[in-house]
Structure formats: structure tokens, C-alpha cells
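Here is the structure we will look at, set down as C-alpha cells.
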Amino acid sequence: MAYLLDQSELLAQFERAYLQNFVPAYKLLIQDLQALKKIAPVQGRASSLPKGAQFYQHALKTYTTTDSSAEEIHQIGLKEVQRIHREMKTILTQVHYKKSLKDFFKLIQSEKFTYPSTQKGRDDYLRHTNEIISKMKKSLPKMFRRLPKADIVVKAVEAYREKSAGLAFYYPPTLDGSRPGIYYVNLHDMSAVNKTEMEALAYHEAVPGHHMQIAIAQELEHVPLFRKLTHYTAFSEGWALYAEYLPKEYGFYTDPYSDFGRLSMELWRAARLVVDTGLHHKGWSQEKAIDWLNENTPSPAGENTRAIQRYIVMPAQATAYKVGMLKIQELRQRASEKLGKKYDNRAFHDQVLGQGALPLNILENNIEEWIKTQL
């Protein structure tokens, strides 16, 4: 039997629950956190804790779903940062920029590469983003055979939560298809949404990134429900990072500044491998990790500080993005070499996305089996 309550009774119930349950419990939480603060290490590195090395290696395995060691991941990060820096310097030559890469980092943070903090500026950002996604949708059949039934729309983060929300994120469609997927972009601070990164950001969060990966998984018919909704950071974010690069092979990123933005976003994920393992494996101080990001990435100092604080409280999580991308690229290269003329990008992409999110070791097994069937 259903009961209908009027507004006053609902508010009274909420007030009782808040005062009698929530507030006392929250006060206990504050007390516990204050007690922990007194004994918490100043730097907060895994390596400073008892059995910290074992804990961190377990965290790496959990997040990356690989057996790569902390040292291996650190060296991969350094190698990738060096490669991306070289590609960035090539773009500097293309745009006839004579100063250093670090000077160029400062240039792209300037107002020249942001929309004005006005309603028109926000409307223009959304309009341009819709144009980017619309153009990509037309090219998806060149990259995939299977396309999601659910559509994708672009929205600004609502005013009530924009101050605390992230820069950009994807919200999946409903399972019954009654609502499309949503690409949310936070336009509260227009200086944070750089023009150079618009294209790569749209590809990451929408198509061919998270929307392709998540909407297709939800629409699979041959797997149980939990497989449609399962999340593995290395797979999901690895695919989205791979999806930032993929359009370049199909004629996108015609603007060199936009291509630099793509590289900037990839550089950020590669740098995470270095500073995360630097903190928790090599014993770097928080200050050293921040300084390293300041020196090697175009990200503002304040953002770098917040990032390092995140990596301290979530050891290994940030390494999953780049590790996942590299594994997908490795599997694609392997499939291309073994299949030769039989290889088709569309078939490979459908195979990667056709089972839902997976640990990378299982994805690798699936691709190996698929290669055998193709041969």
C-alpha cells in the first residue's frame, strides 16, 4: 500500500533524519579523522608505510590489471613524456614558434586560447563542441562496424553543481534507451576549458570515447547485466585515451594547435606514470612531484598541486589511463602484424568493445583468440 505525504511531513521527516542520524554520525567521522591526522605521515607516501611497497604493487595490479612493476611503469612514463615532448616540438616548428617548449606551455594558457567568460562565450563553446561531435559521428562508420543505438548530447554542467563538479565527464544513457548519453562540460571557469583541448576532450568523453565504449556495452545482448555495467579503469579510461588519438589517423586535428592540445592531454596521462610511481615507489616528496609536473607539463601550478594531492590519497589509480591506452595500441599492432591484409581497424575496435569492460589480461586473451579465428 502506497502512502502519500504532504510537503510539510516530508520536510519534518528529513529534519529528524538529519538531526538524529546524520549530524551525530558526521561528528563521529570528524573525530576519527582528527585522531588519524595526529598519526598520519606528513608526506603520505606508500613507501613510508609498513609493507608499503607490497601495498603499492597490489594497488598497481588492481588498477592497471597487469603485472607491471612500479619501476617498469616509471620508466614507461619517462619514455612517453620524452616522445610526446619531441612531437610537441615538431608542432612548434609548424607554427613557426621560435621560443622554448616551456614558453609555449605558458602561451597556450593565455586568454588567446580561451573563450570569454560571458554567456556568448559559453554558448560558442557548446556550439563548437556540438560541431566537433557532429562531424565525428559522420566518420564513425569508417572506424567501427557496430555503432550504439543511443545518441549523445552535449550539456553545460548545471549552475547548482558547477563549482564542485569536474571539468568534463560522461553520463551514460538509460538501459531502456529513454534518454541519450550526455557529455557534460563545466563552463563555470572559462579559463579552465582551453580551446586547444576542445577536440580531444570531446573525443575522450563522447565519440569515439566513453559513449562508444559504455553505450555499446549497455546494449550488448549476449552478456549478463553485471557485464554491461562493469567498470575497469584501465579498460575504460585506456579506451577513451586511445579514442583521443584515433581520429588523427582519419584526418582530424587539422589545426596544429588542436593537435598540440591532444598531445597535452596525452602528456598529462604519461606524466602521471612518472609522478605516481615517483611518490609511492621512489619516495619523492610532494614538493618534488609538483615541481616535476610544473617543469614538464603545460598544466597550471594550482592544478598540479591538486593532482599530486589526489595521487597521494589514491595510489596507482592515475596510472591506469596510459597503461590501458598502451595495451590497446600494443594489441592493435600485434593484430595488424599477424593478420596483414586481413586486418581491419573496424573489426579490431568491435572486438575490443564487443564484450564490455574487461581486465587488460582478459582483453589480451580475447584478442589473441580473435586473431587465431581470423587466420
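Here are some notes:
- Test: Leu92 is hydrophobic (A, V, I, L, M, F, W, C), in contact (Cβ under 8 Å) with a residue 40 or more places away in the chain and either surrounded by 15 or more Cβ atoms within 10 Å (Cβ to Cβ) or assigned to a helix (DSSP H, G or I) (or both): no
- Selection status of Arg122, at negative phi, surrounded by fewer than 14 Cβ atoms within 10 Å (Cβ to Cβ), outside any loop (DSSP other than H, G, I, E, B) and basic (Lys, Arg): no
- Of all residue pairs spaced 6 or more apart or on separate chains, those with beta-carbon atoms under 7 Å, a first member in the range 108-121 that is among the small types (Gly, Ala, Ser) and a second member that is crowded, with 16+ Cβ neighbours inside 10 Å and outside any helix (DSSP H, G or I) are Gly121/Tyr115.
- Taken over the range 105-119, the criterion of being of a type outside the set (Val, Ile, Thr) and either within 18 Å of Tyr184 (Cα to Cα) or outside any helix (DSSP H, G or I) (or both) is satisfied by Gln109, Ser110, Tyr115, Pro116, Ser117, Gln119.
- Entry remark, the range 214-241: residues being more than 13 Å from Gln355 (Cβ to Cβ), in contact with a helix residue (DSSP H, G or I) (Cβ under 6 Å, 6 or more places away or on another chain) and β-branched (Val, Ile, Thr) number 1 in total.
- Residues (within 30 Å of Ala53 (Cβ to Cβ) and either free of Cβ contacts under 8 Å to residues at least 24 places away in the same chain or over 22 Å from the mean Cα position of the chain (by Cα) (or both)) located in the range 312-361: Met314, Glu330
- For Trp284: the one exception among (1) out of contact with any helix residue (DSSP H, G or I) (no Cβ under 6 Å at 6 or more places or on another chain); (2) over 16 Å from Ile91 (Cα atoms): (1)
- Hits in the range 206-264 - residues which are of a type in the set (D, E, K, R) and surrounded by 21 or more Cβ atoms within 10 Å (Cβ to Cβ): Glu237, Glu244, Asp259, Arg262
- Residue identified as on the phi < 0 side of the Ramachandran plot and in a helix (DSSP H, G or I) among Lys149, Lys102, Lys155, Lys98: Lys102
- Only a single item in (1) closer than 30 Å to Leu220 by Cα; (2) at pLDDT 95 or above; (3) part of a loop (DSSP other than H, G, I, E, B); (4) not hydrophobic (A, V, I, L, M, F, W, C) is not met by Asp176, and it is number (2).
- When Gly166 is tested against (1) under 21 Å from Pro116 (Cβ atoms); (2) at pLDDT below 95, only condition (1) is not met.
- Out of Leu33, Leu78, one residue alone is over 22 Å from Ser285 (Cβ atoms), in a helix (DSSP H, G or I) and either touching a Gly at 6+ places or on another chain (Cβ under 8 Å) or among the hydrophobic types (A, V, I, L, M, F, W, C) (or both). It is Leu33.
- Checking each residue in the range 180-190 for being surrounded by 14 or more Cβ atoms within 10 Å (Cβ to Cβ) and part of a loop (DSSP other than H, G, I, E, B) picks out Pro180, Asn186, Leu187, His188.
- Qualifying residue in the range 304-313 (condition: closer than 20 Å to Leu147 by Cα and buried (at least 22 other Cβ atoms within 10 Å of the Cβ)): no
- Total residues in the range 191-205, condition of a type in the set (Ser, Thr, Tyr) and surrounded by fewer than 21 Cβ atoms within 10 Å (Cβ to Cβ): 1
- Residue selected from the range 209-245 under the condition of a type outside the set (Val, Ile, Thr) and in a loop (DSSP other than H, G, I, E, B), by the criterion nearest to Gln333 (Cα to Cα): Gly209
- The residue pairs whose first member lies in the range 237-252 and is farther than 12 Å from Tyr321 by Cα and touching a residue at least 40 places away in the same chain (Cβ under 8 Å), whose second member is surrounded by fewer than 24 Cβ atoms within 10 Å (Cβ to Cβ) and of a type in the set (Phe, Trp, Tyr), and whose beta carbons are closer than 8 Å, counting only pairs six or more residues apart or on different chains, are Pro247/Tyr253.
- Filtered by the rule that a residue be assigned to a helix (DSSP H, G or I) and without any contact (Cβ under 8 Å) to a residue 60 or more places away in the chain, the range 363-375 gives Glu364, Asn365, Asn366, Ile367, Glu368, Glu369, Trp370, Ile371, Lys372, Thr373, Gln374.
The values are calculated or read from the model by the stated rules, or taken from the named source; none is laboratory data. Nothing here was measured: the structure is a model prediction, and the numbers come from that model. With ideal geometry, Cβ positions are generated from the backbone for all residues, glycine too; neighbour counts draw on all protein chains shown.
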